[in-house]
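Colleague: What follows is a single structure, and I will ask about it in a moment.
Each value in this text was obtained by applying a stated rule to the coordinates, not by laboratory testing. These numbers were taken from a predicted model, which means no experiment stands behind them. Cβ atoms come from the backbone with ideal geometry, glycine included; neighbour counts cover every protein chain shown.
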Amino acid sequence: MIFVLFGPPGSGKGTQSQYLVSEYGFKHISTGDLLRSEIKAGSELGLNIKDTIDQGGFISDDIVIKLVEQVIDKEDGKRVIFDGFPRTVNQALAFDRLLSVRNLKVDIVVNFEIDFGKIVERISGRFTCSNCGTVYHKIYQPPKVAGTCDRCGGHDFVVRKDDQPDVIKNRLQVYQNETEAVRKYYESKSQVLVTIDASNSPELVKQTLMNKLTQVGIEL
Ligand code: AP5
Ligand code: MG
């Protein structure tokens, strides 16, 4: 089962992925996380992409597709969530091709809808565990014990460089310019595209997602 979680920055793709991973055993592939790992590792690729990521631009299709191809071959492709990929029509076309040669396909695309007004509030309160990457929010999703990661017990948290207000605006602009076409692409292919209201609490969004999946006959 291949899931694509699709939606603007801060719409909760990472948060809902965490549920699908912990409760249903999915693998989680976030192109944003992959790219940030390259930066953290100080690789040549990481050095080349750092400024673009920090300023909220998109990384070139070639780079992103290559990264996805490398990682998909490490997974068995059976139960995988793609979070934040594809984000351009070129990426969507390349994704279909690389899945079809492996006898796989996108089974469901979940479109996260949220008012852009809520996004800044969400992103500006976000922090993540520097050890395992679990996502938190200072008000909406704090760790159960303050200062301790629920998942790995780590005590070190980081704030993303691209979570500054002016960069958030740029990310939203880039998203609007590039990504609407991807939604249309999946609609036109009459693949299973479900739209969820992502503006409610994390639990309610999760429940909405589960209900929608049941409605379209997807069993997890
Ligand atoms: P990426 O890391 O994917 O960032 P993004 O798409 O901007 O999305 P975010 O991770 O910011 O948001 P999210 O939807 O995961 O929300 P989250 O669950 O964290 O990409 C980063 C960069 O990498 C891009 O800008 C680009 O440069 C590059 N890149 C990545 N993929 C690429 C591609 N395919 N092509 C080209 N370039 C690419 O939630 C946000 C906050 O809200 C958290 O604090 C969370 O706790 C909280 N929250 C979540 N849900 C709720 C809720 N329901 N109610 C209240 N709070 C909530
Ligand atoms: Mg994310």
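Colleague: If you bin every alpha carbon distance in region 173-220 into 5 Å steps from zero, what whole percent lands in each bin?
Modeller: 5, 19, 19, 19, 23, 13, 3, 0
Colleague: Take every DSSP beta bridge with both residues inside the chain and express the antiparallel ones as a percent of the total, to the nearest 5. Show your work: numbers first, answer last.
Modeller: Values: 7 of 24 bridges.
Just about 30 percent of them are antiparallel.
Colleague: Follow-up. Relative contact order for region 23-114: what is it in percent, counting Cα pairs under 8 Å that are at least 6 residues apart? Let's see the in-between values first.
Modeller: Numbers: 61 pairs, mean separation 30.9, N = 92.
Reported relative contact order: 34 percent.
Colleague: Starting from the Cα-Cα distance between residue 178 and residue 47, subtract it from 0.36 nm times their residue separation and give me the gain in nm to one decimal.
Modeller: Result: 44.8 nm gained on full extension.
Colleague: Sticking with this one: How big is the equivalent ellipsoid of region 73-192 along its three axes, where each semi-axis is √(5λ) from the Cα gyration tensor, reported in whole Å from largest to smallest? List each step's numbers first, then the result.
Modeller: Details: eigenvalues 186, 86, 29 Å².
Value: 31, 21, 12 Å, ordered largest first.
Colleague: If I model a spin label at residue 146 and residue 61 as a point 7 Å from the Cα along the Cα→Cβ vector, what separation in nanometres do I get?
Modeller: About 4.9 nm, to one decimal.
Colleague: Once you keep just the Cα pairs under 8 angstrom separated by 6 or more residues, what percentage relative contact order results for the chain?
Modeller: 29 percent
Colleague: Can you compute the equivalent ellipsoid semi-axes for the chain, i.e. the square root of 5 times each eigenvalue of the Cα gyration tensor, sorted largest first and rounded to whole Å?
Modeller: Ellipsoid half-lengths, sorted descending, are 24, 21, 18 Å.
Colleague: Give me the net charge of residue 220's neighbourhood, meaning all other residues with Cβ under 14 Å from the Cβ of residue 220; Lys, Arg count +1, Asp, Glu -1. Can you show the working numbers first?
Modeller: On the way: positive: 27, 78, 79, 206, 212; negative: 23, 107, 219.
For residues surrounding residue 220, the net value is +2.
Colleague: Hand me the tally of lysine pairs in region 144-214: alpha carbons under 20 angstrom apart, and the pair either on different chains or 8 or more positions apart. Could the numbers behind the result be given before it?
Modeller: Values: 144/206; 161/169; 184/212; 189/212.
Lysine pair count for region 144-214: 4.
Colleague: Kindly provide the helix-only [θ] at 222 nm of the chain, computed as the sum of -39,500 (n - 2.57) over DSSP H runs of four or more divided by all residues, to the nearest 500 deg cm²/dmol?
Modeller: Numbers: 8 runs with 106 residues, N = 220.
Calculated from helices alone, the mean residue ellipticity at 222 nm is -15500 deg cm²/dmol.
Colleague: Shifting gears a bit: Sticking with the crude label model, points 7 Å out along Cα→Cβ, report the distance from residue 194 to residue 40 in nm, one decimal please.
Modeller: Those two pseudo-labels are separated by 3.1 nm.
Colleague: Between residue 130 and residue 116, what length comes free when the chain is fully extended (0.36 nm per residue of separation minus the Cα-Cα distance, one decimal in nm)?
Modeller: 2.3 nm
Colleague: Would you mind getting the Kirkwood hydrodynamic radius of region 131-184 from its Cα pairs, rounded to one decimal in Å?
Modeller: On the way: mean 1/r = 0.0739 Å⁻¹.
Kirkwood hydrodynamic radius for region 131-184: 13.5 Å.
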